[in-house]
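> Below is one structure. I have some questions about it.
Coordinate-derived values only; no laboratory data. Treat the numbers as computed from the prediction; the structure is a model and nothing was measured. Note: ideal-geometry Cβ built from the backbone for every residue, glycine included; neighbour counts use all protein chains shown.
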Amino acid sequence: MKRLELYTRAECHLCHEAQAVIEHVRREIDCELEVTDIDSDPDLVERYGLHIPVLLIDGEFFARYRVDEAQLREYMSRA
């Protein structure tokens with residue numbers, strides 16, 4: 001099972017959009033999702049700053065700023 005990690009901030013509209021796309025794909029493809037607000041960890045704030053959302057799949061970078069639903073679905077289907 002694939003593990004998705006989404007790095008976000010509370011008041012980030014792109015983060016909300018990315019999470020909605022991921023949740024939509026998760027209805028069809030079983031996977032784990034961990035959402036982390038980077039403001040809860042100073043190291044994450046330093047690493048990502050304003051460059052969020054960031055989506056990792058199994059620890060590997062997949063997307064920044066926007067998550068394309070078709071690309072995510074295709075990637076997850078192949079896995």
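> The chain: which trypsin sites (Lys or Arg not before Pro) are DSSP loop and have at most 10 other beta-carbon atoms within 10 angstrom?
Sites meeting the loop and neighbour criteria: R27.
> Calculate for the chain the 222 nm mean residue ellipticity that helices alone would give, adding -39,500 (n - 2.57) per DSSP H run of length 4 or more and normalising by residue count, nearest 500 deg cm²/dmol.
The helix contribution divided over the chain gives -11500 deg cm²/dmol.
> Using Cα atoms only, what is the angle between the long axis of helix 13-26 and the major principal axis of the chain, expressed in degrees (0 to 90) to the nearest 10?
Long axis of 13-26 versus the principal axis of the chain: about 30 degrees.
> So, one more: At D37 and E23, where each label point lies 7 Å from the Cα along Cα→Cβ, what is the point-to-point distance in nanometres?
Using points 7 Å along Cα→Cβ, the separation is 1.6 nm.
> What angle, in degrees between 0 and 90 and rounded to the nearest 10, separates the Cα long axis of helix 69-78 from the longest principal axis of the Cα atoms of the chain?
60 degrees
> With the crude spin-label approximation of a point 7 Å out along Cα→Cβ, what separation in nm comes out for A70 versus M1?
Each label point lies 7 Å from its Cα, and together they span 3.0 nm.
> Here's something else I'd like to know. Taking only C-alpha pairs under 8 Å that are 6+ residues apart, what is the relative contact order of the stretch 15-79 in percent?
Taking the mean separation of contacting Cα pairs over the length of the stretch 15-79, I get 40 percent.
> Specify the longest stretch of the chain that does not include any exposed loop site, a site being one of the GluC sites (Glu not before Pro) with a non-H, G, I, E, B DSSP assignment and at most 12 other Cβ atoms within 10 Å.
29-79
> Calculate one ³J(HN,Hα) per residue across the stretch 40-55 by plugging θ = phi - 60° into the Karplus curve 6.51 cos²θ - 1.76 cosθ + 1.60, and present them in order as whole Hz with x for glycine and proline.
Each residue's phi maps through the Karplus curve to give 7, 9, x, 5, 5, 4, 5, 6, 9, x, 8, 8, 10, x, 10, 10 Hz.
> Also, quick follow-up: Given H placed 1.01 Å from N in the peptide plane, which residues other than close sequence neighbours of L33 have an amide H under 5 Å from its amide H?
Under 5 Å from the amide H of L33 lie the amide H atoms of L4, each far enough along the sequence or on another chain.
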